[in-house]
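One structure below.
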């Protein structure tokens, strides 16, 4: 048997390569250069429902309207999955659904064989927790077994932190719809994400829809600091100050619901992208959180 002896230079080269690879794996350092991207959904498929008011929220129900405009996008983007079930009172002539917006926001709803549901602004938990639970009830009642819901906010059972630009980019890249909360000085609002773009790792921006001006798509650069996303000005709402994205919520269709109906699960909450890719879906029991300001 022949024995091959490595030269000293080759041994050194292999050792350096091994150390570099080990460092990348342990530190999470990228193994290749950053590639610019521009991910976006078709803005023309989003609903055009204008923000409206109701007795429980006389300043507007932007969270509900942002959700309904997103649901309209899902219906148009994935008609074979949602048909017209997700927005049952959709008006195709003007691309709106005020009845569904008011149901989600205030008056609630009930479908046969299901319990009466409270609207988002009638619920008394934390703003973020109530939002994901209202959406869960909506999907379970109107489009059972079709969708995965995800959330990012401090206290979330899925992603216990604020969303990063990578989180938002991957959701849009996958053709999902995303609503996000923003907070500024005396300003709390909910917007619908429609695009994410980065030319470098730190030079990024987002595109979004404002329920106060739903026919316009806005684009803005963002600042990335300590895993927070900030930007200045929300022109559709006449706000000129700086805002921080404090929470995000996404919905994505399950192309093949598989065993979910057998398990009695209408909506599957995604713990992580890895679990989603493995089709391991299950319902999470949400912990109660203290009241917080909702938009």
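Students often check this: by mean Cβ neighbours within 10 Å, which of 119-127, 149-157 ranks highest, and how do the rest follow?
Working: 119-127: 18.9, 149-157: 21.3.
Highest-to-lowest ranking by the protection proxy: 149-157, 119-127.
With all distinct Cα pairs included, what does the Kirkwood hydrodynamic radius of the stretch 37-277 come out to in Å, to one decimal, could you say?
By the Kirkwood definition, the hydrodynamic radius is 17.9 Å.
Between residue 99 and residue 114, what length in nm is gained on full extension when 0.36 nm per residue of separation is reduced by their alpha carbon distance?
Values: separation 15, 0.36 × 15 = 5.40 nm, distance 1.92 nm.
Stretched out fully, the residue 99 to residue 114 stretch lengthens by 3.5 nm.
Rank-order 46-53, 246-253, 221-228, 84-91 by packing density, defined as the average count of other C-beta atoms within 10 Å over each peptide's residues, highest first.
246-253, 46-53, 84-91, 221-228
With each label point set 7 Å from Cα along the Cα-Cβ vector, what nm distance links residue 174 and residue 91?
Distance between label points: 3.5 nm.
So what's the Cα pair-distance distribution over the stretch 127-237, bin width 10 Å, in %?
Final binned percentages: 12, 43, 37, 8, 0.
Please order 128, 201, 179 by the number of other Cβ within 10 Å, starting at the fewest.
So the ranking, lowest neighbour count to highest, is 201, 128, 179.
Take the alpha carbon gyration tensor of the stretch 46-159, find the square roots of its eigenvalues, order them as a ≥ b ≥ c, and report rounded if a/c is under 1.5; if not, report prolate when a/b exceeds b/c, else oblate.
Rounded.
Which order results if 61, 243 are arranged by neighbouring Cβ count within 10 Å, fewest first?
243, 61
Every read-out reported here was derived from the displayed coordinates using simple, explicitly stated rules and does not represent laboratory data. Please read all numbers here as calculations on a predicted model, not as lab measurements. As a convention, Cβ positions derive from the backbone with ideal geometry for all residues, glycine included, and neighbour counts pool all protein chains shown.
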